[in-house]
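Here's the structure, in C-alpha cells; my notes come after.
The values are calculated or read from the model by the stated rules, or taken from the named source; none is laboratory data. In this text, all values refer to a predicted model and were calculated from it rather than measured experimentally. Using ideal geometry, Cβ is built from the backbone for each residue, glycine included, and neighbour counts are taken over all protein chains shown. Calculation scope for accessible area: heavy atoms of the full protein, side chains included, ligands and nucleic acids excluded. Shrake-Rupley method; radii C 1.70, N 1.55, O 1.52, S 1.80 Å.
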Amino acid sequence: MAVTLMKHEASPGSAHAMLGDRTCNQLQPGEEPEALRFLAERPIHAVFLATILRDNGAVSPNNRGTFYVCRNGSKKIEGIALIGHATIVEARTDHAVAAFAQLAAHSRHAHLIRGERRTVETFWKHYSEGGQQARLVCREMLFEKMEQTPPFEPVAELRLATLQETEHVVAINGLLATQEGGSDPLERDAEGFRARTRRRIDQQRIWIWMRDGKAIFKADIVGHTPEMIYLEGIHVHPDERKKGYGKRCLLQLSSILARPGRSVCLTINERRANAAAFYVRAGFDYHSEYLTIYLGQE
C-alpha cells in the first residue's frame, strides 16, 4: 500500500499525497460545509474535528495543525484528518488512513495521535515505518449518554467559569494532562496553555463549582456540535470525593447540555477502569474502544 508524496512535501501546509486514484490535499477555505457534512455522518467519532472546523475554519493557527481531505477517483470524500500537535483521523477506508499517516510522518510538531482503536492501529502501522517511536500508549473507553437524565439534587453553584478563574482551571488541567500523558503542558508551553484556557472560557465551554476559593468540580466541553457534546477534564477536588458531588454535577451538566438529537460523550483511560462505574451511575453507556499514542518527543 505505497503512498507517493508529491513536491513540497516538507511543508505541512502544501504537502499532498496520492494513493492509486485517491488524492489527499489540504482542506481549503470554502470546503468547510462539505467537510462538516461528512463528519456529521459519524458525530460521536468526529465531534472533535467538527468542533475545531466550526470554530476556526479550514485554515487557522488555532487549529494547531493542518486539515487534510482524502478523495477517491470520483472526488468523494473518504477521510478528513487534522495533522499537527494532536493528530486526529476520521476515515472510511484504510487507504485514506494510510495516506494520512504518510503525510503525518513528515510533520515535526506531532505530540499525540488519537482516535478509534482500529483506525489508530492502522495509522500507526504506516506512520511508524519511518522509525517513529511511541513514548506512551493509552487505551481508552468511549462512553455516551443518550437517555433522559434521572432525578438528581442540583448544585446551585455549578456555573460557567469566568476569566478570573483561569488559574484554577489551568492548574487542574495541567495536572490532568501530566497524569494522562506523562508530560507537563505548563513546562512545554505555559503561555499557549493559558491562552487556550482563556479562549475556552470565553467560548463558555468550562463549567466549575467554586467554594471558599476551591474548585470542587470542573469539566471542559472540548467538542460541541449540533449532534454531540464531548466532555473532558472532569475533576472533583481530592478532599471532596466520595460525597456524591461529582455525580450530581455531571448529571446536572448533562441535563443542561443534552437535548433530543444530541448526546454527551467522554473517554476514560483503561487505567482508571474503576471510574467507569461512576459514569455508568451517571447514565453513561460504553460505546467503543479508543487509543491515544503519545510520541517520543516531549
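The figures follow:
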read-out: Residue within region 132-139 that is in contact with a strand residue (DSSP E or B) (Cβ under 9 Å, 6 or more places away or on another chain), among the charged types (D, E, K, R) and either crowded, with 19+ Cβ neighbours inside 10 Å or not in a strand (DSSP E or B) (or both) present; value: no
read-out: Test result for A273, out of contact with any Cys (no Cβ under 7 Å at 6 or more places or on another chain), among the aliphatic types (A, V, I, L, M), free of Cβ contacts under 8 Å to residues at least 12 places away in the same chain and surrounded by fewer than 18 Cβ atoms within 10 Å (Cβ to Cβ); value: no
read-out: Neighbours by Cβ (under 7 Å, 6+ apart or cross-chain): first from region 229-241, without any contact (Cβ under 8 Å) to a residue 60 or more places away in the chain; second surrounded by fewer than 21 Cβ atoms within 10 Å (Cβ to Cβ) and not aliphatic (A, V, I, L, M); value: V236/Y245; H237/K214
read-out: Some residue of region 132-148 being touching a helix residue (DSSP H, G or I) at 6+ places or on another chain (Cβ under 8 Å) and within 18 Å of L82 (Cα to Cα); value: no
read-out: Test: R117 is in contact with a strand residue (DSSP E or B) (Cβ under 6 Å, 6 or more places away or on another chain), modelled with pLDDT of 95 or more and buried (at least 17 other Cβ atoms within 10 Å of the Cβ); value: no
read-out: Those residues of region 147-196 which are among the charged types (D, E, K, R) and farther than 28 Å from R114 by Cβ, in sequence order; value: E153, E157, R159
read-out: Residue tally, condition of a type in the set (A, V, I, L, M) and either assigned to a helix (DSSP H, G or I) or on the phi > 0 side of the Ramachandran plot (or both), over region 113-131; value: 1
read-out: Qualifying residue in region 147-159 (condition: touching a residue at least 12 places away in the same chain (Cβ under 8 Å) and more than 25 Å from C265 (Cβ to Cβ)); value: yes
read-out: Enumeration of residues in region 108-135 that are hydroxyl-bearing (S, T, Y), under 19 Å from the mean Cα position of the chain (by Cα) and within 18 Å of F67 (Cβ to Cβ); value: T119
read-out: Test: residue in region 77-86 that is surrounded by fewer than 23 Cβ atoms within 10 Å (Cβ to Cβ) and in a helix (DSSP H, G or I); value: no
read-out: Residue, most open to solvent (accessible area, probe 1.4 Å), within region 168-209, restricted to residues that are of a type in the set (A, V, I, L, M), within 22 Å of G223 (Cβ to Cβ) and more than 16 Å from the chain's Cα centre (by Cα); value: L175
read-out: Condition check for A110: of a type in the set (G, A, S), assigned to a loop (DSSP other than H, G, I, E, B) and in contact with a Leu (Cβ under 9 Å, 6 or more places away or on another chain); value: yes
read-out: Within region 45-76, considering residues that are in a helix (DSSP H, G or I), of a type in the set (S, T, N, Q) and open to solvent by 20 Å² or more (accessible area, probe 1.4 Å), the one farthest from A105 (Cα to Cα); value: N56
read-out: Top-ranked residue in region 249-296 [being within 27 Å of M210 (Cα to Cα) and among the hydroxyl-bearing types (S, T, Y); ranked as nearest to the chain's Cα centre (by Cα)]; value: T267
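Results for (1) within 29 Å of A40 (Cα to Cα); (2) of a type outside the set (A, V, I, L, M, F, W, C); (3) out of contact with any helix residue (DSSP H, G or I) (no Cβ under 8 Å at 6 or more places or on another chain), shown as yes or no for each residue.
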position	(1), (2), (3)
K218	yes, yes, no
I256	yes, no, yes
P260	yes, yes, yes
E270	yes, yes, yes
